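A.B. asks: I have a structure here, written as structure tokens, and I will follow up with some questions on it.
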Ligand code: PHE
């Protein structure tokens, strides 16, 4: 075995020579000072303080030296590396501060700059009107019921005491679906929801049903093949026409304000008996100046919808005992109600989808 290598001259280990280490430190410090941004500094750190940097490689040589030389070289390289790391740390702090300052300036948002206005949409006035109407009844404890727009002929007509040959069927110009054997229609009114409700719920029933209905009407200022109705149905013990009148008066006042009540005119619907047309006191002249009123044209009243006491034949067809229960029903046009309430003169405005029409109604949630 040989003894320690006393002949070994540490001066021969070039990377550890004092002048060499100094030169590395100088080069490193110059590179650090020259690093213009954080990205460049990262590169400098890799080159001058990374695992493969000259000083790191020199450090690895130390282990091979004899003890005395090792101590000396260790101190030299350690000090050198310390200086480089310190310089790196200081430069990093400076560059980071600069970076932050620049971001603050570059990313400043001028909240006073004018913006491009994005038009916010509006809910359709008919939707809002339907909900407003439903709310009047929900506030009295009624429920909202719904039915499909493609409806069985039986529910749209037969269950409502309008058999195949009933003349009243011609009152409602109907869209029939093909094939004819399917016996499906686009519902002509919301009254089939009466039948659906009675067939699926036990009395007492207090429901309101706003919905879309269809008839083969030509489009003009007061007609559209698609329009909206709201149906009301109450089935309970001891219900009379007086309850109907009270409910509709409340509805009218809620829609049009204090003092706007209703009157009934005798009429005919197959599903109600007795039946009535509902008129509103003219909300423009209030019946006072009727002669010069252009809205009611001298009538003092405005036609609003239909109503009546549910025909016992309808109760029977829908599984409700007519000996125990009575009820009332009514149906109004929602579009018509909206035209009255908001002075809309042409029904086509409601359906054309022009945002300029919907916008003034504002956004209600
Ligand atoms: N469904 C009837 C119509 O559309 C209105 C109505 C409803 C009448 C309920 C009486 C009772 O003409």
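The values are calculated or read from the model by the stated rules, or taken from the named source; none is laboratory data. Here the structure is a predicted model, which means the values were calculated and not measured. Methodologically, a virtual Cβ is constructed for each residue, glycine included, from the backbone with ideal geometry; neighbour enumeration extends over all protein chains shown.
A.B. asks: Does the stretch 250-262 include one or more residues that are in contact with a strand residue (DSSP E or B) (Cβ under 6 Å, 6 or more places away or on another chain) and in contact (Cβ under 8 Å) with a residue 60 or more places away in the chain?
C.D. replies: no
A.B. asks: Given the condition assigned by TED's automatic domain parsing to the domain that holds residue 33 and outside any helix (DSSP H, G or I), answer yes or no: does some residue in the stretch 60-81 qualify?
C.D. replies: Yes, because at least one residue in the stretch 60-81 is assigned by TED's automatic domain parsing to the domain that holds residue 33 and outside any helix (DSSP H, G or I).
A.B. asks: Ok, one more. Among the numbered criteria (1) without any contact (Cβ under 8 Å) to a residue 60 or more places away in the chain; (2) in contact with a strand residue (DSSP E or B) (Cβ under 8 Å, 6 or more places away or on another chain), which single criterion is violated by residue 340?
C.D. replies: (1)
A.B. asks: Given the options 41, 29, name the one that is within 60 Å of the chain's Cα centre (by Cα) and either within 24 Å of residue 96 (Cα to Cα) or at pLDDT 90 or above (or both).
C.D. replies: Among 41, 29, only 41 is within 60 Å of the chain's Cα centre (by Cα) and either within 24 Å of residue 96 (Cα to Cα) or at pLDDT 90 or above (or both).
A.B. asks: Answer with yes or no whether residue 283 is under 36 Å from the mean Cα position of the chain (by Cα) and modelled with pLDDT of 95 or more.
C.D. replies: Spelling it out, it is not the case that residue 283 is under 36 Å from the mean Cα position of the chain (by Cα) and modelled with pLDDT of 95 or more.
A.B. asks: A further question on this structure: For residues in the stretch 288-310 being surrounded by 17 or more Cβ atoms within 10 Å (Cβ to Cβ) and without any contact (Cβ under 8 Å) to a residue 24 or more places away in the chain, which is nearest to the ligand (Cβ to nearest atom)?
C.D. replies: Among residues in the stretch 288-310 that are surrounded by 17 or more Cβ atoms within 10 Å (Cβ to Cβ) and without any contact (Cβ under 8 Å) to a residue 24 or more places away in the chain, the one nearest to the ligand (Cβ to nearest atom) is 296.
A.B. asks: For the subset of the stretch 320-329 comprising residues that are within 12 Å of the ligand (Cβ to nearest atom) and in contact with a helix residue (DSSP H, G or I) (Cβ under 6 Å, 6 or more places away or on another chain), which member is nearest to residue 210 (Cα to Cα)?
C.D. replies: So the residue we want is 329.
A.B. asks: Can we say residue 257 is away from the ligand (no atom under 13 Å from the Cβ) and farther than 23 Å from residue 342 by Cβ?
C.D. replies: Spelling it out, it is not the case that residue 257 is away from the ligand (no atom under 13 Å from the Cβ) and farther than 23 Å from residue 342 by Cβ.
A.B. asks: Determine which member of the set 336, 341 is within 16 Å of the ligand (Cβ to nearest atom) and either modelled with pLDDT under 95 or more than 30 Å from residue 202 (Cβ to Cβ) (or both).
C.D. replies: One residue alone meets the criteria, 336.
A.B. asks: Taking the residues in the stretch 194-225 that are more than 12 Å from the ligand (Cβ to nearest atom), modelled with pLDDT under 95 and not in a loop (DSSP other than H, G, I, E, B) as candidates, determine which candidate is farthest from residue 329 (Cα to Cα).
C.D. replies: Ranking the candidates gives 220 first.
A.B. asks: If you scan the stretch 226-242, which residues turn out to be away from the ligand (no atom under 14 Å from the Cβ) and crowded, with 18+ Cβ neighbours inside 10 Å?
C.D. replies: Selection gives nothing.
A.B. asks: Only one of these is in the same structural domain as residue 318 (by TED's automatic domain parsing), surrounded by 10 or more Cβ atoms within 10 Å (Cβ to Cβ) and not in a loop (DSSP other than H, G, I, E, B): 131, 146, 98. Name it.
C.D. replies: Being in the same structural domain as residue 318 (by TED's automatic domain parsing), surrounded by 10 or more Cβ atoms within 10 Å (Cβ to Cβ) and not in a loop (DSSP other than H, G, I, E, B) holds for just one of 131, 146, 98, which is 131.
A.B. asks: Exactly one of (1) within 16 Å of the ligand (Cβ to nearest atom); (2) outside any loop (DSSP other than H, G, I, E, B); (3) over 19 Å from residue 195 (Cα atoms); (4) more than 33 Å from the chain's Cα centre (by Cα) is unmet by residue 173. Its number?
C.D. replies: (2)
A.B. asks: Just one of (1) away from the ligand (no atom under 13 Å from the Cβ); (2) surrounded by fewer than 17 Cβ atoms within 10 Å (Cβ to Cβ) trips up residue 184, so point out which.
C.D. replies: Unmet for residue 184, out of (1) away from the ligand (no atom under 13 Å from the Cβ); (2) surrounded by fewer than 17 Cβ atoms within 10 Å (Cβ to Cβ): (2).
A.B. asks: From 196, 201, 187, 215, grab the single residue that is within 26 Å of residue 153 (Cβ to Cβ) and touching a strand residue (DSSP E or B) at 6+ places or on another chain (Cβ under 6 Å).
C.D. replies: Sole residue among the options that is within 26 Å of residue 153 (Cβ to Cβ) and touching a strand residue (DSSP E or B) at 6+ places or on another chain (Cβ under 6 Å): 187.
A.B. asks: From the list 60, 17, 45, 52, which one is surrounded by 14 or more Cβ atoms within 10 Å (Cβ to Cβ) and free of Cβ contacts under 8 Å to residues at least 24 places away in the same chain?
C.D. replies: That would be 17, the only listed residue that is surrounded by 14 or more Cβ atoms within 10 Å (Cβ to Cβ) and free of Cβ contacts under 8 Å to residues at least 24 places away in the same chain.
A.B. asks: Something else: Does the stretch 315-334 contain at least one residue that is surrounded by fewer than 17 Cβ atoms within 10 Å (Cβ to Cβ) and within 26 Å of residue 149 (Cα to Cα)?
C.D. replies: Yes, the stretch 315-334 has at least one match.
A.B. asks: Check the stretch 158-167 and report whether any residue there is closer than 20 Å to residue 334 by Cα and either surrounded by 15 or more Cβ atoms within 10 Å (Cβ to Cβ) or more than 16 Å from the ligand (Cβ to nearest atom) (or both).
C.D. replies: Checking the stretch 158-167: not a single residue is closer than 20 Å to residue 334 by Cα and either surrounded by 15 or more Cβ atoms within 10 Å (Cβ to Cβ) or more than 16 Å from the ligand (Cβ to nearest atom) (or both).
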